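Below: one structure, written as structure tokens.
Each value in this text was obtained by applying a stated rule to the coordinates, not by laboratory testing. Small disclaimer: the values here were computed from a predicted structure and weren't measured. Ideal geometry is used to build each Cβ from the backbone, glycine not excepted, and the neighbour counts take in all protein chains shown.
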Protein chains: 2
Amino acid sequence: MPTISDVARAAGVSMSTVSYVLSGRRPISAETSARVKAAIAELGYHPHAGARALASSRTNVLALVVPLRVDVNVPVIMQFVTAVVTAARTYNHDVLLLTKDEGTAGLERVAGATMVDALIVMDVERDDVRIPALGRLKQPSVLIGLPDDAAGIACVDLDFAATAHECLAHLAGHGHRRIALVGPSPAVYERGTTYAGRFLDGFTAASDELGLETVAHSCEPGAAGVRAALTEIEDELPGATALVVHNEEALVPLFEELRSRGRRVPDDLSIVAVCPRDVATSMPVHLTSADIPAHDVGTLAVEIAMDLLDGRRTEGVRLLPPTIVERDSCAAPRG
Amino acid sequence: MPTISDVARAAGVSMSTVSYVLSGRRPISAETSARVKAAIAELGYHPHAGARALASSRTNVLALVVPLRVDVNVPVIMQFVTAVVTAARTYNHDVLLLTKDEGTAGLERVAGATMVDALIVMDVERDDVRIPALGRLKQPSVLIGLPDDAAGIACVDLDFAATAHECLAHLAGHGHRRIALVGPSPAVYERGTTYAGRFLDGFTAASDELGLETVAHSCEPGAAGVRAALTEIEDELPGATALVVHNEEALVPLFEELRSRGRRVPDDLSIVAVCPRDVATSMPVHLTSADIPAHDVGTLAVEIAMDLLDGRRTEGVRLLPPTIVERDSCAAPRG
DNA sequence: AGAATCGGTCGAAGCGCTTCGACGATGGGT
DNA sequence: ACCCATCGTCGAAGCGCTTCGACCGATTCT
């Protein structure tokens, strides 16, 4: 492995000149620069990351903390991850992957050891213990999700309240007045990630605003859960003509159940789902859906991290606007 | 951030003693060791990763190259990833995540910069251009998958040929003699990952060995593809009583199609699938399936990497034996 | 014309750690 | 009683890089 001094010798300059060619922090003449670059290419020189980190206290690595809970959102998580990695690369950074189960200790470890310049944390909970820990680190961090109190840490997420509003507005636009929400399982509401609650709040608010008759129900996983939810909904809001489904997992059993009840989508019942595009299009009827913009959120998280590193931009909460994609699951209510 | 010399001063010893306490490379008396550890805890000292890497040429970081192709196997990929990260942590290593689309350049970058001690590469293709590049690196690597020529690089994968054999043997055990394979889409066979071909070879060989009548078909994605495959199968092997499905994506439309043809599982048709456990149990009938042991493969990959780093174990190919989990999709053929 | 400025380069210090050789103090073997 | 090994510790070199101050020659300003 050639070192910077090999390059310097080969190019007939000093080490510092090579360094400045590489970093651009001082002007270097075109010829010198060319000679140095040629030497670099010829020797196949790569600066040693550790040495560089030691001397500059910059690692060009971002930590990304992912939940490893293997539930239905795995593809969405993967979308976040690839978005973050890809975006990081455009800023010449790499990504160190941590799992949530390492908890606070993991954050302290990589930050304390100066392995990373900044941290991006997914799956942040309402009252996440990691937030105070993050605040103590010398590296900046950005949260994907929205805790109750971000304590001044930057956050990015989809605007779930606005998403609920858009879903209802879309259905109202088709003429629906009686609409039910099939929400996540009670476990999700309890678990602490706030998106379910924010969606529900938005749903309720939009319902009032639009003058709709609505009911909201959580939905236990599995066919039985769906059946129960549907039954209760018919009980509490008889004649509902549309469903907002904020529960990816429920989608398949929901279609099964609707089929067996003889209700056709969208003829008898319209549906708007909140789920990734590919899930929406993998259903028997392609669903009109609000996308989870995992890619945008991940990319934005990296951009904020970079801004923070450069001392730009003050922290704060960024809620991305929803996008509803119209497909085949909405129609005007019957009669 | 306290440094090792702060710790040394606080404990009243030299820097090297602190270092030896941490690494255990030289004997240190119990009292000294205790004093040093106390100082470390009190100061909240973390060794600087870059400095350590520079001095020791060990980074304690593994590179993991993942495909970012967002197709149906995303959950499986995620299982690999979490297995690798978790296993790496037990060896006190972290994981740097690279995407396949960076290709050879990404490998050379992180290896050249000495950011990692070893590399684990997923989704290796038949004639993967990254293999020669990997061979040129000074770091060892391990492949997940099985190329035509591993060029001496260690490989880990499920034994797909044996898996096919087990699937057939299981069905034969139930009394089936006429069995069809619903394979991956032609694109998968062409793409270059070898598992599809290995499964097919194993299927054919086992068919002969067990004296079965079989037919194998690729299956285009989507409902239409499934319908076509099923029709051709009925044509070429009329009266087939069982299916081996090596195509996760086809499963949902397959059930739809069987329902509409009035064929019940397992009463009229038995099925063995090759897919993750959760996919198998998310079908209308819980499928008897051969698991993709992503967790084991990922863990083993890390173990091999560690062995390689310690100069232990010679490279080679490790094919993990399959496990068939019996559920509700197999019965004796009718009549 | 002399001072101030700027572009381009060099030398050296120092980032925080590991590791090698050295050294005194013990203790066992003979 | 003497030599050698071993244990426990220290000092210093050096890993490969960045960056600061200095320097020199060429402009530019006044």
*asked:* If I stretch the segment between B:Ala224 and B:Arg261 completely, what's the gain in nm (0.36 nm per residue apart, minus their alpha carbon distance), one decimal?
replied: 11.9 nm
*From zero up to wherever the largest Cα-Cα distance of region A:78-228 sits, split into 5 Å bins and tell me the percent of pairs in each.*
2, 8, 15, 15, 16, 13, 10, 9, 6, 4, 1, 0
*Sorted from shortest, what are the nm distances separating the label point of B:Val129 from equivalent points in the other copies, each placed 7 Å from Cα along Cα to C-beta?*
4.7
*Hey, for a label at A:Asp235 modelled as a point 7 Å past Cα toward Cβ, could you say which residues of region A:177-199 have their backbone N under 17 Å away?*
A:180-183, A:186
*Which values, in whole Å and largest first, are the semi-axes of the equivalent ellipsoid of region A:160-291 obtained as the square root of 5 times each eigenvalue of the Cα gyration tensor?*
19, 17, 15
*asked:* Using square roots of five times the C-alpha gyration tensor eigenvalues, list the equivalent-ellipsoid semi-axes of region B:250-320 in whole Å, biggest first.
replied: 40, 10, 8
_Need one number: % antiparallel among DSSP beta bridges in the protein assembly as shown, to the nearest 5._
10 percent
*When the Cα centres of region B:297-328 and region A:286-334 are compared, how far apart do they sit, in Å?*
39 Å
*asked:* For chain B, set up a GNM with springs between Cα atoms under 10 Å and report which of B:Glu232, B:Glu31, B:Glu166 has the largest fluctuation.
replied: B:Glu31
*Using only helices, what value at 222 nm comes out for the protein assembly as shown when you add -39,500 (n - 2.57) per DSSP H run of length 4 or more and divide by the total residues, to the nearest 500 deg cm²/dmol?*
-14000 deg cm²/dmol
*Using a 10 Å cut-off on Cβ to Cβ distances, tally the other chain neighbours for every residue of A:82-94 and report the average as a whole number.*
3
*Once the Cα atoms of region A:4-47 are picked out, what are the Rg and Dmax in Å?*
8.9, 24
*Over what distance in Å are the Cα centres of region B:229-243 and region A:67-144 separated?*
49 Å
*For the protein assembly as shown, what is the convex hull volume of its Cα atoms per residue in Å³?*
186 Å³
_26 Å Cα-Cα threshold exceeded, pairs from A:Lys138/B:Lys138; A:Lys37/A:Lys138; A:Lys100/A:Lys138_ = A:Lys138/B:Lys138; A:Lys37/A:Lys138
*Mean separation of Cα contacts under 8 Å (6+ apart) over length of chain A, as relative contact order %*: 17 percent
*Provide a whole-number value for the mean count of partner chain Cβ atoms within 10 Å of the Cβ atoms in peptide A:50-57.*
6
_Which residue fluctuates most in the GNM of chain B (Cα springs below 10 Å): B:Ala30, B:Ala223, B:Ala53?_
B:Ala30
*Principal axes first, then extents: for the Cα atoms of chain B, list largest minus smallest coordinate on each axis, whole Å, largest first.*
85, 37, 33
*Using the scaling law 2.2 N^0.38 Å as the reference, what is the normalised Cα Rg of region A:33-128?*
1.36
*Could you give, in nm with one decimal, how far B:Gly103 is from each other copy of that position, shortest first, with labels 7 Å out from Cα toward Cβ?*
4.5
*Name the residue, out of A:Leu200, A:Leu64, A:Leu237, whose mean-square fluctuation peaks in a Gaussian network model built on chain A with Cα pairs under 10 Å.*
A:Leu237
_Contour excess over end-to-end distance, with Cα ends at A:Thr323 and A:Arg277 and 0.36 nm allotted per residue_ = 15.5 nm
